[in-house]
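All remarks here apply to the structure that follows.
The values are calculated or read from the model by the stated rules, or taken from the named source; none is laboratory data. Note that this is a predicted model, so its numbers are computed, not measured. Note: ideal-geometry Cβ built from the backbone for every residue, glycine included; neighbour counts use all protein chains shown.
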Amino acid sequence: MFVVALSMRSGVVGVVPLPQAPADAAQDVDVRGLLAAARGVAPALCVLASDGASSGWGGWDAPDLGVRADVHRLVRDVRAASLDRADSQALLDALASDDACVRRIAGTLIGRSGDRAFVASLTPKLASSSATERAEATRALGLLGEKSAVQPVVRLLRDAAPAVRANAAWALGRIGDRATAPGVAALARDQVAEVRGAAVVALGHLEAADNVEILLEVLRHDDTASVRRAAAWALGQIGSQAAAQGLATALHADKSSAVREMCAWALGELEARDVSDALLAALRSDDDPAVRETSAWALGQMEVKSTADPLAAVVAADKSPRVRATAAWAVGQINPGHAPKGLVAALRDQDDDVRLRAAWALSQIGDPDVATDVATALRAEQRERVRQALVRALLESGDRSSDVFKDLLESKDRDTREMAVRALAGRRGPWPWPWPQPRPRPNP
């Protein structure tokens with residue numbers, strides 16, 4: 001088995017041999033072979049290999065690179081039962097390696113193992129003379145979620161090495177002891193941006209509501225956009241309504257679109273209906289489609305009925321199909337009780353996803369006044385998933401006798417035929433129709 005690795009030092013693509021993974025990788029992992037394969041792998045690919053993965057909201061799918069398909073699977077499957085004493089010692093020794101990827105893979109394997117027996121050996125490494133070893137041992141303890149290590153890790157918040165301070169803040173956020181929040185919050189003013197960012201994210205994970213003002217100060221004044229973005233995420237994660245106005249101000253004024261996008265997401269998490277006007281303004285005029293789309297999602301979360309018509313206008317007019325699609329979803333989520341004109345017009349949109357979400361939204365609303373428009377769209381529609389959503393929209397509008405259902409009996413799609421049969425028989429759901437989910441939230 002081989003993995004393609006890109007060397008950032010040489011810019012050359014090379015082939016790194018990997019140990020062949022057996023069928024039951026969780027029980028038999030060649031730890032030392034894996035560490036050897038990690039040596040020299042470029043940082044970006046090493047991160048994909050050691051972390052990888054996603055879980056919908058709050059995560060992301062790493063590209064399907066060879067390093068992900070092979071190394072990541074082995075790393076992911078490590079459990080305490082798969083490590084013997086020699087493997088465990090090899091991992092502990094590798095934390096002091098001169099190779100960054102070897103250290104990261106070793107720390108990840110220790111954390112993924114879930115074996116608390118590592119704690120007794122990791123804790124002394126927090127006092128190592130090597131900053132890189134201190135940093136990786138701290139990260140491993142964070143991955144283990146080891147509460148008994150809280151106090152030694154807290155002491156590292158004052159470490160001279162920025163990487164150690166950053167990892168200590170991250171680890172405390174992962175462990176989840178809220179009593180550590182004051183020490184973590186002090187790093188929100190650290191001179192190093194990466195440390196400030198790690199501290200801010202940790203405060204979000206700790207849901208440290210006492211630190212909302214500190215996070216708002218970071219959002220207003222930090223000179224690094226990634227740190228301000230993390231602060232907006234943390235405020236949304238904490239869920240304090242006291243942050244709403246500050247987030248709304250940053251949504252309007254921050255120079256970074258990445259920060260504005262996260263502010264829109266945070267306002268949606270807060271369901272801050274009092275500042276829905278700020279989201280509408282961003283939806284209509286922000287230059288960045290990601291900001292506009294997230295603003296549409298946030299308005300859908302809030303379910304303020306007065307925003308349905310402005311959202312429908314965006315469905316009809318925005319240049320971005322992703323914005324139009326999410327705005328259509330938001331109108332359905334709000335369910336204003338009538339079908340706005342922009343939503344009906346979207347049944348003719350060139351983008352399949354926009355039409356699908358518009359049809360879904362109309363099925364949520366169930367307005368009998370648009371039954372003819374929906375039937376016309378159904379006759380013209382070629383995409384089966386959209387046709388299924390239109391069938392439901394037509395039925396929810398009260399039309400159960402339309403001749404268009406008979407035409408659907410000839411569909412090659414089984415679900416579409418089933419829906420047509422149900423409709424002609426006067427039977428209601430459950431309908432085998434596609435649910436158009438909104439876009440995932442942005443990551444800090």
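To keep it simple, each residue is scored yes or no on (1) within 29 Å of Glu303 (Cβ to Cβ); (2) not in a helix (DSSP H, G or I).
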site: Gln350; (1), (2): yes, yes
site: Arg355; (1), (2): yes, no
site: Ser363; (1), (2): yes, no
site: Gln382; (1), (2): no, yes
site: Gln388; (1), (2): yes, no
site: Ala393; (1), (2): yes, no
site: Glu410; (1), (2): no, yes
site: Thr416; (1), (2): no, no
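Residues of segment 311-327 being part of a helix (DSSP H, G or I) and small (Gly, Ala, Ser), which ones? Don't jump to the end; show me each part of the working.
Of segment 311-327, the ones part of a helix (DSSP H, G or I) are 311-317, 321-327.
Within segment 311-327, Ala312, Ala313, Ala316, Ala317, Ala325, Ala327 meet the criteria.
Only residues in segment 111-129 that are touching a residue at least 12 places away in the same chain (Cβ under 8 Å) and farther than 14 Å from Glu146 by Cα count as the first member; pair them with residues that are among the small types (Gly, Ala, Ser) and surrounded by 19 or more Cβ atoms within 10 Å (Cβ to Cβ), Cβ under 9 angstrom, at least 6 apart or cross-chain, and list the lot.
Lys125/Ala137; Lys125/Ala140; Ser128/Ala137
Output the residue which, of all residues in segment 387-438 that are closer than 22 Å to Val323 by Cα and crowded, with 16+ Cβ neighbours inside 10 Å, is modelled with the lowest pLDDT.
Of the residues in segment 387-438, the ones closer than 22 Å to Val323 by Cα are 387, 389-390, 393, 434-438.
After this cut, where a residue has to be crowded, with 16+ Cβ neighbours inside 10 Å as well, the list is 387, 389-390, 393, 434, 436, 438.
Values: Arg387: 85, Ala389: 89, Leu390: 90, Ala393: 89, Pro434: 53, Pro436: 74, Pro438: 78.
Filtering segment 387-438 for residues that are closer than 22 Å to Val323 by Cα and crowded, with 16+ Cβ neighbours inside 10 Å, the one modelled with the lowest pLDDT comes out as Pro434.
Considering only residues of segment 249-262 that are under 17 Å from the mean Cα position of the chain (by Cα) and buried (at least 23 other Cβ atoms within 10 Å of the Cβ), which is farthest from Ala296 (Cα to Cα)?
Val259
Which is buried (at least 21 other Cβ atoms within 10 Å of the Cβ), out of contact with any Gly (no Cβ under 7 Å at 6 or more places or on another chain) and outside the structural domain of Arg439 (by TED's automatic domain parsing), of Leu279, Leu378, Leu343, Leu362?
On the way: Leu378 fails: outside the structural domain of Arg439 (by TED's automatic domain parsing); Leu343 fails: outside the structural domain of Arg439 (by TED's automatic domain parsing); Leu362 fails: outside the structural domain of Arg439 (by TED's automatic domain parsing).
Answer to the check: Leu279.
When only residues in segment 64-96 that are modelled with pLDDT of 90 or more and small (Gly, Ala, Ser) count, which is nearest to Glu133 (Cα to Cα)?
Ala96
Condition check ((1) more than 22 Å from the chain's Cα centre (by Cα); (2) within 24 Å of Val184 (Cα to Cα); (3) in a helix (DSSP H, G or I)) across all residues:
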residue: Ala231; (1), (2), (3): no, yes, yes
residue: Leu247; (1), (2), (3): no, yes, yes
residue: Ala264; (1), (2), (3): no, no, yes
residue: Ser276; (1), (2), (3): yes, no, yes
residue: Arg284; (1), (2), (3): yes, no, yes
residue: Ala290; (1), (2), (3): no, no, yes
residue: Asp309; (1), (2), (3): yes, no, yes
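Which of the helices (runs of 4 or more DSSP H) contained wholly in segment 81-191 include at least 3 residues that are aliphatic (A, V, I, L, M) and in contact with a Ser or Thr (Cβ under 7 Å, 6 or more places away or on another chain)?
Per the criteria, 150-155, 162-175.
Out of Asp99, Asp61, report the one residue that is under 31 Å from the mean Cα position of the chain (by Cα) and at pLDDT 90 or above.
Asp99
What's the number of the only condition in (1) modelled with pLDDT of 95 or more; (2) surrounded by fewer than 19 Cβ atoms within 10 Å (Cβ to Cβ); (3) not β-branched (Val, Ile, Thr) that Ala166 fails to meet?
(2)
Considering only residues of segment 181-201 that are more than 11 Å from Ala168 (Cα to Cα) and of a type in the set (Val, Ile, Thr), which is surrounded by the fewest Cβ atoms within 10 Å (Cβ to Cβ)?
Residue satisfying both the conditions and the ranking: Val192.
Could you please tell me which pairs satisfy a Cβ distance under 8 Å, a separation of 6+ or placement on different chains, a first residue in segment 305-319 that is free of Cβ contacts under 8 Å to residues at least 40 places away in the same chain and crowded, with 16+ Cβ neighbours inside 10 Å, and a second residue that is in a helix (DSSP H, G or I) and β-branched (Val, Ile, Thr)?
Pairs found: Thr307/Ile334; Ala308/Val331; Ala308/Ile334; Leu311/Val331; Leu311/Ile334; Ala312/Val331; Val314/Val323.
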